[in-house]
1. Can we say residue 111 is buried (at least 19 other Cβ atoms within 10 Å of the Cβ) and under 20 Å from residue 167 (Cα atoms)?
2. State whether the residues of the range 372-385 include one that is assigned by TED's automatic domain parsing to the domain that holds residue 289, at pLDDT below 95, farther than 16 Å from residue 237 by Cα and assigned to a helix (DSSP H, G or I).
3. Could you tell me how many of the residues in the range 253-299 are modelled with pLDDT under 80 and either outside any helix (DSSP H, G or I) or surrounded by fewer than 19 Cβ atoms within 10 Å (Cβ to Cβ) (or both)?
4. Quick one: residue 422 ticks every box in (1) in a helix (DSSP H, G or I); (2) surrounded by 15 or more Cβ atoms within 10 Å (Cβ to Cβ); (3) modelled with pLDDT under 95 bar one, so which box is it?
5. Return yes when residue 84 is buried (at least 18 other Cβ atoms within 10 Å of the Cβ) and either assigned by TED's automatic domain parsing to the domain that holds residue 190 or farther than 30 Å from residue 207 by Cβ (or both) and no when it is not.
6. Can you tell me which residue is modelled with the lowest pLDDT among those in the range 330-370 that are surrounded by fewer than 21 Cβ atoms within 10 Å (Cβ to Cβ) and assigned to a loop (DSSP other than H, G, I, E, B)?
7. Conditions: (1) buried (at least 18 other Cβ atoms within 10 Å of the Cβ); (2) closer than 23 Å to residue 36 by Cβ. Residue 97 meets all but one. Number of the miss?
């Protein structure tokens, strides 16, 4: 990381701090998943009831994206980040000492809704990037996001095993999040994203979300690509455990958990996709990402019984999903600073909706056709993404424009042009 990644007026070390903060905060969404069996035993409840805790985490995060992230277009970012970290820390402590599973679920819902800080940081870091370096900055922070999601399950499992109680996972998460209170706000901008923007009320901010999708072609493309690629990604991960436990593979849960670690090299490699986005534009990186994911599903279909092939495919798929997200967000963050958080809200809502649909489709396909049905379904979703990207390229040629949205932004310095006319 070089100082040229951010503007000269941005505090040195901001990018590493943001990447660390996204890794820690996003882990609060996923660290509960390996603890569900321990939670069930601790409260003397069924595993399905304990599973509602993980469901509460997903619901809370979705609510936070829609209800909280738009505030980043109008709020003082330093105050907003402080408030979110404080609420998350208190909710994690409440979960640590929750006497019933109902209270644990409520605490998890609250902490998940307030831990949407990564989706506040992403448009912020795009605004802080030096000209021509937005993709690189997003790549660094996006890698932290992916690493936090991948490693949180492994870390919480090890902590719980060492401490002998699931409550230790909540306590460590509370301490890590509270530590960010001492660091992150100092690196966030003190003011609003755009002081010149009118101070619209909260409900007007929320009401403006659907209109953004109709007004901004780059947002529609990023949303379509993000939804379809993440649907394929979720289809794979939601059925992988069934495939690995079934004959002839027949692995146990401990080994299955290692597949999250197997994906780390691909996630780390995706960091360089930010630089490629700055150089080639987001469309080219999206094409590379979709190709990588398609190769992964080809491996799953042709060599699905090979653990080596599955591990290689995990990395190809992880690289494709992370690289695609970096390119998608680079495309939408060429919009005006005062609407970037809401653009990200719409984009992330589409991604989560796609993930939910992909998991549901995969369950049906696996029940009806087994692993090959899932591989075919994931490949079909990725082909839809490819068609959307090809349609964008054809439209660009017919309109006579050979300049990508990012390149146009860099040449003119007018973010509104690249967001509204692309």
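The values are calculated or read from the model by the stated rules, or taken from the named source; none is laboratory data. Just so it is clear, the structure is predicted and the values come from calculations on it, not from any experiment. Positions of Cβ are generated from backbone atoms using ideal geometry, with glycine treated the same way; all protein chains shown enter the neighbour counts.
1. Numbers: buried (at least 19 other Cβ atoms within 10 Å of the Cβ): yes; under 20 Å from residue 167 (Cα atoms): yes.
When the stated conditions are applied, residue 111 passes them.
2. no
3. Residues flagged as modelled with pLDDT under 80 and either outside any helix (DSSP H, G or I) or surrounded by fewer than 19 Cβ atoms within 10 Å (Cβ to Cβ) (or both) within the range 253-299 amount to 10.
4. Tallying (1) in a helix (DSSP H, G or I); (2) surrounded by 15 or more Cβ atoms within 10 Å (Cβ to Cβ); (3) modelled with pLDDT under 95, residue 422 fails exactly one: (1).
5. Details: buried (at least 18 other Cβ atoms within 10 Å of the Cβ): yes; either assigned by TED's automatic domain parsing to the domain that holds residue 190 or farther than 30 Å from residue 207 by Cβ (or both): yes.
Yes; evaluated as a whole, the condition is true for this residue.
6. Across the range 330-370, the extreme among qualifying residues is 336.
7. (1)
Here's the yes/no breakdown for (1) surrounded by fewer than 16 Cβ atoms within 10 Å (Cβ to Cβ); (2) closer than 13 Å to residue 25 by Cβ:
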{"residue": "135", "(1), (2)": "no, no"}
{"residue": "147", "(1), (2)": "no, yes"}
{"residue": "150", "(1), (2)": "no, no"}
{"residue": "159", "(1), (2)": "no, no"}
{"residue": "163", "(1), (2)": "yes, no"}
{"residue": "172", "(1), (2)": "no, no"}
{"residue": "175", "(1), (2)": "yes, no"}
